[in-house]
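Okay, so here's the structure we're looking at.
The values are calculated or read from the model by the stated rules, or taken from the named source; none is laboratory data. Keep in mind it's a predicted model, so treat the numbers as computed, not measured. Neighbour counts are summed over all protein chains in view; Cβ atoms, including those assigned to glycine, are modelled from backbone coordinates with ideal geometry. Heads up: the accessible areas ignore ligands, DNA and RNA and are worked out on the full protein's heavy atoms, side chains in. Shrake-Rupley method; radii C 1.70, N 1.55, O 1.52, S 1.80 Å.
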Amino acid sequence: MSPDATPVPTVTRAPKRQPQPLLPAVPAVPAVPAARRPGERVVLLDNAKYLAIVLVAVGHAWEPLREGSRAVTALYMLVYAFHMPLFVMLCGYFSRGWEASPARVRRLVGRVAVPYLVFEVAYTLFVRWAGDDPDRPLSLLDPLYLTWFLAALFLWRLTSPLWRLMRWPLPFALAIAMLATLTPSIGDDLALQRVLQFLPYFVLGLLLRPEHLRLVRRRAVRALAVPVWACALTVAYWAVPRMDYAWFFRSESAEALAAPAWYGPVMTLAGFGCSTVLVAGFLAWVPGRRTWFTALGAGTLYGFLFHGFVAQGAKYLGWYDPDWIRRPLGEITVTLVAAAVMTALCTPVVQRVFGRLGRRWRAHPTAADEDDMPSRRQSFVRA
């Protein structure tokens, strides 16, 4: 090209415009993270554990008030329909990665078996002193009062690797629970009836994933949970004179509850469905953000084990004897006191004091190892 030639202008293409969405994107804030670092806690589950353990204390405080009060008995039935299934599910959820390695077995012994032995002896001595059973023998095979949960947790966690190998673990666990209701000869050793009848909830927890927890946090589920709970309370009130609430304890066979044999499997399936729906409705409304009681969720086992002394001591000391206790004001007072006592027993102060007792049993936990995801300052007393 000569220097006098007119240059041909170059045509440059404008960059392609990216297609814009019809609606602006809304950043999602999941209530339950998909993954977490070792030692990191899930706020939603800590909140759920604290609220559920308060209901445990309230339920025990309502026991002496059930006679003559249909309303208290209905609330009692409703609480017992879901609060222990919730705890057992959470135990299964945080046992998903548990393996029978020497380190983890040693940690399980220190955090579950050792507390079982200690509190079994302590409750036996307390029952002798309180006068309910001054001649009660010390038996480590017959869990007393609350200690059944530690025996059950020890057995459930030991078997968790086996359930992960099965193709259909939940139907198999339900079949075992149904057969347990048909077997009165199982007896009370290590609370095996409860171990087997609560087993489906533990297996369900093993099958849950974080996305399932996020599913129950949806707005539609929250809206549906309100009429479901209202219906459950209505049914509980209707069922008080028509149903034996001992079915929710899951500690007896159908024969022991004076029911036909076929009641056992039917009540197992019905109870499992009812409890699972109530647990989902409960988790839908548990706060997903950090609250003033989030830190208390790490100490639920302390509250669970120690509040039994208060609950049984209240009966021994005659705190339920005044007539006003069985009136609405008294029932509200008992409820608030039980909640306050449980809250105090779950505080970090109690966790630090008793956490030192288990220092020699500690090991570094993994994210799916312990249901309480302990920090390094927490105790071997873990559920």
Filter segment 285-322 down to the residues that are among the aliphatic types (A, V, I, L, M) and more than 15 Å from the chain's Cα centre (by Cα), then identify the one that is farthest from L55 (Cα to Cα).
L317
Hey, D321 hits all of (1) touching a residue at least 12 places away in the same chain (Cβ under 8 Å); (2) open to solvent by 60 Å² or more (accessible area, probe 1.4 Å) but one; which does it fall short on?
(1)
Please indicate, with yes or no, whether at least one residue in segment 153-165 is touching a Phe, Trp or Tyr at 6+ places or on another chain (Cβ under 9 Å) and not in a helix (DSSP H, G or I).
no
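To keep it simple, each residue is scored yes or no on (1) among the aromatic types (F, W, Y); (2) within 29 Å of L305 (Cα to Cα).
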residue: W163; (1), (2): yes, yes
residue: A175; (1), (2): no, no
residue: D189; (1), (2): no, yes
residue: L196; (1), (2): no, yes
Only one of (1) under 25 Å from the mean Cα position of the chain (by Cα); (2) within 30 Å of G318 (Cβ to Cβ) does not apply to W156, and that is (2)
Enumeration of residues in segment 293-309 that are of a type in the set (A, V, I, L, M) and either buried (at least 19 other Cβ atoms within 10 Å of the Cβ) or at positive phi (or both)
L296, A298, L301, L305
Among the residues that make up segment 250-265, is at least one of them part of a loop (DSSP other than H, G, I, E, B), buried (at least 16 other Cβ atoms within 10 Å of the Cβ) and hydroxyl-bearing (S, T, Y)?
yes
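May I ask you to list the residues in segment 287-304 that are in contact with a Leu (Cβ under 6 Å, 6 or more places away or on another chain) and either modelled with pLDDT of 95 or more or closer than 28 Å to L125 by Cβ (or both)? It would help to see each step written out before you state the result.
First, pick out the residues of segment 287-304 that are in contact with a Leu (Cβ under 6 Å, 6 or more places away or on another chain): 288, 302-303.
Result: Y302, G303.
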Out of all the residues in segment 268-276, is one or more closer than 21 Å to L45 by Cβ, part of a loop (DSSP other than H, G, I, E, B) and touching a residue at least 12 places away in the same chain (Cβ under 8 Å)?
no
For segment 119-139, give me each residue that is loosely packed, with under 12 Cβ neighbours inside 10 Å and either part of a loop (DSSP other than H, G, I, E, B) or among the charged types (D, E, K, R) (or both).
G131, D133, P134, D135, P137, L138
Unmet requirement for L125, which otherwise passes all of (1) at pLDDT below 90; (2) over 27 Å from L206 (Cβ atoms):
(1)
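With respect to R290, is the statement that it is of a type in the set (K, R) and buried (at least 16 other Cβ atoms within 10 Å of the Cβ) true?
Details: of a type in the set (K, R): yes; buried (at least 16 other Cβ atoms within 10 Å of the Cβ): no.
Judged against the criteria, R290 is not a match.
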Being assigned to a loop (DSSP other than H, G, I, E, B) and either modelled with pLDDT of 50 or more or surrounded by fewer than 21 Cβ atoms within 10 Å (Cβ to Cβ) (or both) narrows it down to one residue among A338, A383, A344, A363; which is it?
A363
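Under the condition of being of a type in the set (K, R), closer than 30 Å to L165 by Cβ and open to solvent by 30 Å² or more (accessible area, probe 1.4 Å), which residue from segment 63-115 is nearest to the chain's Cα centre (by Cα)?
R96
So which residues in segment 166-180 are assigned to a loop (DSSP other than H, G, I, E, B) and open to solvent by less than 80 Å² (accessible area, probe 1.4 Å)? Outline the logic, then answer.
Initial filter on segment 166-180 (assigned to a loop (DSSP other than H, G, I, E, B)): 166-168.
Selection gives M166 alone.
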